[in-house]
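Trainee: Sharing a structure here in structure tokens format.
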Amino acid sequence: MQKNSTPRVWTEISEEPVALCKVFSIIKKTFRHPDGRTGDFFVNRSNDWVQIAPLIESDNPADPLVLIVNQFRFGSKRTSWEFSGGIVEKGESPVDAAVRELAEETGYTCRNAKFLASHSPNPALHENSAHFVVAEGCEKTSETHWDANEEIETKLVRVSELYPMVKSGEIYHSIAINCVFFLEKYLAEKNAKTR
């Protein structure tokens, strides 16, 4: 029977690219365990990702409207309701990237954008982080600027409608589900301060 103890940290000893793709690379990394054994592991290397939850002023500050987007996802071969977002470009902060992606995908801008959190999408396979941003005072101010293969539908929903969309599978993108969690937590704390 194995003893239950804190896992030991492996040391990376080399890496080499396996596949260099448009938005990510697959890297083979060789690690050494403290007991001397080595192993090859494959990771996804890409820039960080970001999703932004754009809040639209409405008649109910406790349950505001949020703009969500629907687009085709090539991995799952179906459409996905989620939040605007994308890749953080070199030199951009997560907040700047989120605001840019929101404007490009929806034509909406905001008065104030606030960083909420960063987490690993999957630490077993990904080197990058996913960042979550909330934007307040959003309104449509311009046309969209989609990438060549983007087609995006937008919809306004109440924040209280997001979790039922997760339960029903309408929102199934795991990073979007994390964004729902951080948005709800942010609004709960904000509403608690105003009571």
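The values are calculated or read from the model by the stated rules, or taken from the named source; none is laboratory data. Since the model is a prediction, treat every value here as computed from it, not as a measurement. Positions of Cβ are backbone-derived with ideal geometry, glycine not excepted, and every protein chain shown enters the neighbour counts. In case anyone asks, the SASA skips ligands and DNA or RNA and just uses the protein heavy atoms, side chains included. Shrake-Rupley method; radii C 1.70, N 1.55, O 1.52, S 1.80 Å.
Trainee: Looking only at the range 28-43, which residues are outside any strand (DSSP E or B) and either open to solvent by 20 Å² or more (accessible area, probe 1.4 Å) or in contact with a Lys or Arg (Cβ under 6 Å, 6 or more places away or on another chain) (or both)?
Mentor: Residues of the range 28-43 outside any strand (DSSP E or B): 33-37.
Of everything in the range 28-43, those that are outside any strand (DSSP E or B) and either open to solvent by 20 Å² or more (accessible area, probe 1.4 Å) or in contact with a Lys or Arg (Cβ under 6 Å, 6 or more places away or on another chain) (or both) turn out to be P34, D35, G36, R37.
Trainee: (1) at pLDDT 95 or above; (2) part of a loop (DSSP other than H, G, I, E, B); (3) not polar (S, T, N, Q): which one isn't true of D59, the others all being true?
Mentor: (1)
Trainee: Go through the range 44-68 residue by residue and tally those that are open to solvent by less than 20 Å² (accessible area, probe 1.4 Å) and touching an Asp or Glu at 6+ places or on another chain (Cβ under 6 Å).
Mentor: 1
Trainee: Considering only residues that are without any contact (Cβ under 8 Å) to a residue 24 or more places away in the chain and among the aromatic types (F, W, Y), look in the range 33-92 and name the one that is farthest from R158 (Cα to Cα).
Mentor: So the residue we want is F41.
Trainee: Next question, about the same structure. Check the range 18-26 and report whether any residue there is closer than 30 Å to C110 by Cα, touching a Ser or Thr at 6+ places or on another chain (Cβ under 8 Å), outside any strand (DSSP E or B) and open to solvent by 60 Å² or more (accessible area, probe 1.4 Å).
Mentor: Yes, the range 18-26 contains at least one residue that is closer than 30 Å to C110 by Cα, touching a Ser or Thr at 6+ places or on another chain (Cβ under 8 Å), outside any strand (DSSP E or B) and open to solvent by 60 Å² or more (accessible area, probe 1.4 Å).
Trainee: Further question on the same structure: Looking only at the range 57-76, count how many residues are within 20 Å of F181 (Cα to Cα), hydrophobic (A, V, I, L, M, F, W, C) and under 21 Å from the mean Cα position of the chain (by Cα).
Mentor: 5
Trainee: Please indicate, with yes or no, whether at least one residue in the range 186-193 is open to solvent by 70 Å² or more (accessible area, probe 1.4 Å), modelled with pLDDT of 95 or more and of a type outside the set (K, R).
Mentor: We begin by selecting, within the range 186-193, every residue open to solvent by 70 Å² or more (accessible area, probe 1.4 Å); these are 189-190, 193.
Subset that is modelled with pLDDT of 95 or more: none.
Within the range 186-193, none of the residues are open to solvent by 70 Å² or more (accessible area, probe 1.4 Å), modelled with pLDDT of 95 or more and of a type outside the set (K, R).
Trainee: Related question: Filter the range 152-176 down to the residues that are small (G, A, S), out of contact with any Phe, Trp or Tyr (no Cβ under 9 Å at 6 or more places or on another chain) and either open to solvent by 70 Å² or more (accessible area, probe 1.4 Å) or within 23 Å of P61 (Cα to Cα) (or both) and list them by number. Steps first, please.
Mentor: Let us first name the residues in the range 152-176 that are small (G, A, S), namely 160, 168-169, 174, 176.
Going one step further and asking which of them are out of contact with any Phe, Trp or Tyr (no Cβ under 9 Å at 6 or more places or on another chain), we end up with 160, 168-169, 174.
Matches in the range 152-176: S160, S168, S174.
Trainee: Please name all residue pairs, on different chains or six or more residues apart, with Cβ atoms under 8 Å, provided the first residue is in the range 130-155 and is closer than 21 Å to V88 by Cα and the second residue is open to solvent by 70 Å² or more (accessible area, probe 1.4 Å) and among the polar types (S, T, N, Q).
Mentor: A135/N112; E136/N112
Trainee: Here's a follow-up. Among the residues in the range 91-110, are any farther than 18 Å from N70 by Cα, of a type in the set (S, T, N, Q), open to solvent by 20 Å² or more (accessible area, probe 1.4 Å) and within 12 Å of the chain's Cα centre (by Cα)?
Mentor: No, because not a single residue in the range 91-110 is farther than 18 Å from N70 by Cα, of a type in the set (S, T, N, Q), open to solvent by 20 Å² or more (accessible area, probe 1.4 Å) and within 12 Å of the chain's Cα centre (by Cα).
Trainee: Now for a different question. Could you tell me which numbered condition S80 fails, if it satisfies all but one of (1) in a strand (DSSP E or B); (2) surrounded by 15 or more Cβ atoms within 10 Å (Cβ to Cβ); (3) at pLDDT 95 or above; (4) not aromatic (F, W, Y)?
Mentor: For S80, the exception is condition (3).
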